[in-house]
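Comments concern the structure below.
The values are calculated or read from the model by the stated rules, or taken from the named source; none is laboratory data. On a predicted model such as this, the values are computed, not experimentally measured, just so you know. No Cβ is skipped: glycine too gets one built from the backbone with ideal geometry, and neighbour counts run over all protein chains shown. Remember, those area values only see protein heavy atoms, side chains included, never the ligands or the DNA or RNA. Shrake-Rupley method; radii C 1.70, N 1.55, O 1.52, S 1.80 Å.
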Amino acid sequence: MAVVGLDIVERGLLLNGKRFGKVGAYEVLRGRVTFAVDPSHPGNGRITDLAKAPRNPGGRVEWRADFCLLQPHDPRQGNRRLFFEVVNRGRILAFRLFDAVEETPKLTREEHIGDGFLLRQGYTLAWCGWQWDVIPSEGLLGTTVPLAQEGERPVSGTVLCQWWPNESTPVLLLADRVHHPYPTRDVEDPTATLTVREQENAPRTLIPREQWRFARLEGEQVVPDPTHIYLPGGFQAGKVYECVYQTPQAPVVGLGLLAVRDMVSFLKYGGADAHNPCAGRIDYAYGFGASQSGRFLRHFLYLNLNTDEAGRMVFDGVIPHIAGARRGEFNHRFAQPSANTMQGPNTLFPFADAVQTDPLTGEEDGLLARISREGHLPKIMHINSSAEYWRGDASLIHISVDGSTDLPIPDAVRIYLFAGTQHTPGRLPLTDTAMDGARGQHPLNSVDYSPLLRAALVNLDRWVSQDIPPPPSRYPRLDDGTAVEAEATREVFCALPGVSFPRYLPRPHRLDFGPTWRQGIASWLPPRLGAPYQTFVSALDADGNEIAGIRLPDLTVPLATYTGWNLRHPSQGAPEQLVRMHGSTLPSPPTPEARKAQGDPRPSIVERYPSVKLYLEEVRKAAEELITGRYL
């Protein structure tokens, strides 16, 4: 077993023994886990630079990670299911997504648990750090991995860092977000380059080397620093910057993938003699990941890692949520796992589960090609919001890369679009500013899709444990006309008062990182840009709401138009471009007089619903239809 040590540093009752339905109290465990894997094992062979990692006296590669575990205090009351969430940049998101919690939980206060849906179901919940560059702090789970070496010397080479600032600043950290940076090897390196462009697929303009420095500010003094970059006059909000430079270190980033595999395997199969706190408690394991973590799970499946070193199945079911068609920077040299750039390894063929051939490149592959042929294929639910379609990639999960046909969906897969939603569940009251500080021109999308996620998990469990198939997939299709190019919606949106259509619609391109990319090493950075992929969004009804996917009563009994896109607020620059991952709420006119005054083509609220009672009756009917279909 690859888990060779479990150091529990904290163990006690959650929330002072608060009871969660018939399951009762939960205990919480926190600590560090030690892994050791055989670099020559065939199941580990796809991890980049694993062969270059230092080895312990037993010839294995060792590393450590943080973990957190919640399990019923009385094991007889648990449901014998492990819900393992792949943490997002070290953060636990499951309670926010399933239990309508406003903030990122630290498992210390009752409000962080929400209404306890996951706990009342009897799940054992587990999290394990996997991202090498997460900076330790309260509530974040990270991992410490070894550096790759060539003989006695650390591996060094070229790294690319990209930023899209929301506010002007003279100094940036050489990292995506606030993570451990890749330092420059030489602050005076004359070969390092800095470029700027107006949007992600625009041409790059080189900023002369003498105009910027590897440095930071101490007061008003510029101080050389290998972890920061300084531009007099400032990096401008809304523009895309990119620095390519040499770094002296190469963490074995892909060990994060093995940490997830081996932690789940340990909790599922490990005995009491191995000090497994879940020994004898788990029959099935389900993997959940949202956004970056959903992309992680897609990458995990693509690399056929759902089989442990002993040849056993790891996850029985998987929900990659709001991942779109992307994977990520999880297993190549100098990877930055938080990065989510359009011209990065996140957006590489293949996208769909089924094998297809790209007619332009001749490349043939499928996300599930290896695991279907050689490994343990779990039940899979790909779930996305409208934002991943408007981001330009989600339709590639189920429509061919040339945009000509709907692709076959494997029997073990369901695909769901949560229609008219943004990347994370919406909230009321309306606001134009998100928790991450991003600001839109319109109020953000307020549709809360958490109830649909709850149903999806219940359906996944019944599918795995009772062989009860979940409800049919729902997503935009070419054959029924519900999948359209984003540009085809322009007329409908522009008819709404105060709404402008995006000037630049993101669309992923074919990318070429060079001949050594198959070994996880970029031959050149940035990659060479090829032709764009053909992508689609959902068609719209007369109100501008999406017609494909699972439609909550917000859309079928509407008080507004709900979109998966929003434009950047002018205060954050580039107001003609999309604000990443956020949607809009465009309220319907309240009265006929307001409708006429605004020139709004949509019926007013009082014209559509003569009374509150009638409105609520329609909402109830719409909800009951979803319940009958088991989507809610």
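Here are the numbers for this structure:
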read-out	value
Test for residue 141: is it modelled with pLDDT of 95 or more and assigned to a strand (DSSP E or B)	no
Number of positions in the stretch 537-591 that are charged (D, E, K, R) and in a strand (DSSP E or B)	2
Identity of the residue in the stretch 510-524, crowded, with 19+ Cβ neighbours inside 10 Å and not β-branched (Val, Ile, Thr), that ends up nearest to residue 157 (Cα to Cα)	522
Number of the condition not met by residue 254 [criteria: (1) closer than 29 Å to residue 164 by Cβ; (2) open to solvent by 10 Å² or more (accessible area, probe 1.4 Å)]	(2)
Extreme residue, nearest to residue 52 (Cα to Cα), among residues of the stretch 319-365 that are polar (S, T, N, Q) and touching a Leu at 6+ places or on another chain (Cβ under 8 Å)	331
Test: residue in the stretch 455-478 that is more than 30 Å from residue 316 (Cβ to Cβ), in contact (Cβ under 8 Å) with a residue 12 or more places away in the chain and either open to solvent by less than 10 Å² (accessible area, probe 1.4 Å) or in contact with an Asp or Glu (Cβ under 7 Å, 6 or more places away or on another chain) (or both)	yes
Contacts under 8 angstrom Cβ, first residue in the stretch 601-620 being open to solvent by less than 70 Å² (accessible area, probe 1.4 Å), partner among the charged types (D, E, K, R) and not in a helix (DSSP H, G or I), 6 or more apart	602/543
The stretch 169-183: number of residues that are assigned to a loop (DSSP other than H, G, I, E, B), more than 10 Å from residue 228 (Cα to Cα) and out of contact with any Cys (no Cβ under 9 Å at 6 or more places or on another chain)	4
In the stretch 152-179, the residues that are touching a strand residue (DSSP E or B) at 6+ places or on another chain (Cβ under 9 Å) and within 20 Å of residue 48 (Cβ to Cβ)	154, 155, 156, 157, 158, 159, 160, 161, 175, 176, 179
Matching option when the condition is open to solvent by 10 Å² or more (accessible area, probe 1.4 Å), basic (Lys, Arg), under 22 Å from residue 399 (Cα atoms) and more than 21 Å from the chain's Cα centre (by Cα), among 370, 312	370
Subset tally (residues that are out of contact with any Leu (no Cβ under 8 Å at 6 or more places or on another chain) and either open to solvent by 70 Å² or more (accessible area, probe 1.4 Å) or closer than 19 Å to residue 528 by Cβ (or both)) for the stretch 197-212	9
Failed condition for residue 541, given (1) free of Cβ contacts under 8 Å to residues at least 40 places away in the same chain; (2) at positive phi	(2)
Test result for residue 158, of a type outside the set (D, E, K, R), in a strand (DSSP E or B) and free of Cβ contacts under 8 Å to residues at least 60 places away in the same chain	no
The lone exception for residue 186 - which of (1) open to solvent by less than 40 Å² (accessible area, probe 1.4 Å); (2) modelled with pLDDT of 95 or more; (3) assigned to a loop (DSSP other than H, G, I, E, B); (4) not aliphatic (A, V, I, L, M) it fails	(1)
Cross-chain or 6+ apart pairs with Cβ under 7 Å, the stretch 44-71 first and closer than 25 Å to residue 519 by Cβ and touching a residue at least 12 places away in the same chain (Cβ under 8 Å), then polar (S, T, N, Q) and crowded, with 21+ Cβ neighbours inside 10 Å	47/331; 48/331; 50/44; 63/143
Any chance residue 522 is of a type in the set (A, V, I, L, M, F, W, C), at pLDDT 95 or above and more than 21 Å from the chain's Cα centre (by Cα)	yes
All positions within the stretch 65-94 that are within 25 Å of residue 301 (Cβ to Cβ) and touching a Pro at 6+ places or on another chain (Cβ under 7 Å)	69, 92
Qualifying residues in the stretch 405-432 (those that are open to solvent by 30 Å² or more (accessible area, probe 1.4 Å) and without any contact (Cβ under 8 Å) to a residue 60 or more places away in the chain) - the one nearest to residue 293 (Cα to Cα)	414
Conditions (1) open to solvent by 10 Å² or more (accessible area, probe 1.4 Å); (2) not in a loop (DSSP other than H, G, I, E, B); number of the one not met by residue 346	(1)
Hits in the stretch 25-51 - residues which are over 29 Å from the mean Cα position of the chain (by Cα) and buried (at least 18 other Cβ atoms within 10 Å of the Cβ)	none
Number of the condition not met by residue 284 [criteria: (1) in contact with a Lys or Arg (Cβ under 9 Å, 6 or more places away or on another chain); (2) over 30 Å from residue 72 (Cα atoms); (3) open to solvent by 10 Å² or more (accessible area, probe 1.4 Å)]	(2)
The one condition in (1) of a type outside the set (Val, Ile, Thr); (2) open to solvent by less than 50 Å² (accessible area, probe 1.4 Å); (3) modelled with pLDDT of 95 or more that residue 505 fails to fulfil	(3)
Sole exception among (1) under 18 Å from residue 70 (Cβ atoms); (2) without any contact (Cβ under 8 Å) to a residue 12 or more places away in the chain for residue 273, by number	(1)
Filter pass, residue 439 being modelled with pLDDT under 95 and under 30 Å from residue 570 (Cα atoms)	no
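Conditions (1) assigned to a loop (DSSP other than H, G, I, E, B); (2) at pLDDT 95 or above, marked per residue:
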site	(1), (2)
427	yes, no
448	yes, yes
451	no, yes
478	yes, yes
492	no, yes
